[in-house]
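Below is one structure, written out as structure tokens, with a few remarks after it.
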Amino acid sequence: MSAESSAMTTAAPQRFAAAVASPKVLQHTLTLNERLFFWPFLKALAFTFSRMFKKDITRRYPEQKMDVKPSLHGVPVLVMNDDGSPRCVACGLCEFVCPPRAIDITPGETDRPIEREPKEFVIDMLRCIECSYCEEVCPEEAIVMSTDYEVVGRRREDFVWNLTKLLKPIDQLKVRLDWVRRTYRRWDVAAEIAPPIGGVYRDPRWAEKPKPVERH
């Protein structure tokens, strides 16, 4: 190879070289105020003292409890009749519709007119996402979302609630049951299937459908 061709090869640019030169980085020179950090320190103190005497905007939990409303999605509980029996008929709809599979029902027979009741009803609160699907699908209003939102335990077994822990007297759940009936328009023969103005129907499949025809 001649000296001329060797020089041309050496002078040729690299194939993957950057097309734009590296930009210059301009370093900011700190002022005397910035170096002493005196004025920013005073501004931070002024902001802190201005907030110290204002009303708190946060809740001091657990000393201050939350103001619960009937629409709160708390932990699901079972409705207990006045005679101490569960209202549940062990139909299994809530178990079927539960997205995280947190409900486990063992049905049993009974001498009462409803013929069936749960022998075992278990909800794993670690799995429960409090979506209220079980409440929506229940035909007997036997399971509702309570206003209890604190689930505490030391072991995993403490979060697996059985009938003894799930059953709540119906007197304690009347406010939630009234909210459920207003929300889902249950047991209202004169109610239209289509949602009223400002209504609360959730299922879009019911929109623009006529009033149901009773067939017996």
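A few notes on this one:
- Single residue of Ile105, Ile143, Ile129 found to be of a type in the set (Val, Ile, Thr) and over 30 Å from Gln64 (Cα atoms): Ile105
- Only one of the numbered conditions (1) over 23 Å from the mean Cα position of the chain (by Cα); (2) surrounded by 17 or more Cβ atoms within 10 Å (Cβ to Cβ) is not met by Val144, and that is (1).
- Pairs meeting the criteria (first residue in the stretch 168-194 and on the phi < 0 side of the Ramachandran plot, second residue at pLDDT below 85 and part of a helix (DSSP H, G or I), beta carbons under 9 Å, at least 6 apart or on different chains) are Asp188/Arg181; Ile193/Trp206; Ala194/Trp206.
- Test result for Cys88, crowded, with 19+ Cβ neighbours inside 10 Å and either touching a Ser or Thr at 6+ places or on another chain (Cβ under 6 Å) or assigned to a loop (DSSP other than H, G, I, E, B) (or both): yes
- Some residue of the stretch 115-131 being without any contact (Cβ under 8 Å) to a residue 24 or more places away in the chain, in a strand (DSSP E or B), touching a helix residue (DSSP H, G or I) at 6+ places or on another chain (Cβ under 6 Å) and surrounded by 15 or more Cβ atoms within 10 Å (Cβ to Cβ): no
- In summary, Arg35 fulfils each of the numbered conditions (1) more than 34 Å from the chain's Cα centre (by Cα); (2) at pLDDT 85 or above with the single exception of condition (2).
Every residue, every condition in (1) loosely packed, with under 10 Cβ neighbours inside 10 Å; (2) part of a helix (DSSP H, G or I); (3) at pLDDT 80 or above, yes or no:
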site: Thr9; (1), (2), (3): yes, yes, no
site: Ala17; (1), (2), (3): yes, no, no
site: Val20; (1), (2), (3): yes, no, no
site: Pro23; (1), (2), (3): yes, no, no
site: Gln27; (1), (2), (3): yes, no, yes
site: Leu45; (1), (2), (3): no, yes, yes
site: Glu63; (1), (2), (3): yes, no, yes
site: Gly74; (1), (2), (3): no, no, yes
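- Qualifying residues in the stretch 47-61 (those that are of a type in the set (Ser, Thr, Tyr) and under 30 Å from Tyr149 (Cα atoms)) - the one surrounded by the fewest Cβ atoms within 10 Å (Cβ to Cβ): Thr58
The values are calculated or read from the model by the stated rules, or taken from the named source; none is laboratory data. These numbers come from a predicted model, not from an experiment. Heads up, the Cβs are rebuilt from the backbone with ideal geometry, glycines too, and the neighbour counts pull from every protein chain shown.
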